[in-house]
Amino acid sequence: MLQQYPKLGEWGWAVNVMPYELPVGLADRSRVKVIEIRDSNDYVVEDEQGRRWDLTRIHLDGGIIYYLDGKPYYESHPVAVHYLRHYLLELEDRIARRDGYSIYEMQENRDDMRWHLARHGIDPDGPMPPGPPPAFTGAPRRGPSSNPRAPQSFRPETEEPVRRMNS
């Protein structure tokens, strides 16, 4: 997975990250549009009511890229939705069986995944896509490395482009 931050002119969501609160009056998970980037961490955004807010990057969510079967997919792409719906069922089953080191963390992950689907108009409880889900593979390596633990990252010049759903 790779967290995305909205770029200038793109829509994203304002998220409350403890212990750093959102400004008073801006609700958690509100849709916002980036209208100015002052530096790498300071943004000016506008909500859907036209109000402007100063936010730090930690408060912005532009979506998540999932690496499935070796390729990057934005969270609203049908391949990623297929993976998320299957993973949600697995999480719900583990929570019901109380199978896991942290039920609270699994519930939090489940709630976040449900929101990631719902914010794109996708019903988290809708019909299950047919067939097995794609495999979660992680990002490809950025080139040959003698270190097997070298960081992996998205290579936009060689990978298929990510389909973003901004309006």
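For LEU22, the residues whose amide H sits under 5 Å from its own are VAL17, ignoring neighbours fewer than 5 places away on the same chain, with H placed 1.01 Å from N.
For the range 97-141, chymotrypsin sites (Phe, Trp or Tyr not before Pro) meeting the loop criterion (DSSP other than H, G, I, E, B) and having at most 14 other Cβ atoms within 10 Å: TYR101. Summed over all non-identical Cα pairs, the Kirkwood treatment of the range 34-127 gives a radius of 15.5 Å. Backbone phi angles across the range 47-53, fed through the Karplus curve with coefficients 6.51, -1.76 and 1.60 (θ = phi - 60°), yield HN-Hα couplings of 7, 5, 8, x, 7, 9, 9 Hz in residue order; Gly and Pro are listed as x. A straight chain from TYR104 to VAL24 at 0.36 nm per residue would run longer than the Cα-Cα distance by 26.1 nm.
Where a number appears in this text, it was derived from the coordinates with a stated rule and is not lab data. Predicted model only: the values in this text are computed from it and were never measured. A quick note on method: Cβ atoms are made from the backbone with ideal geometry, for glycine too, and the neighbour counts reach across all protein chains shown.
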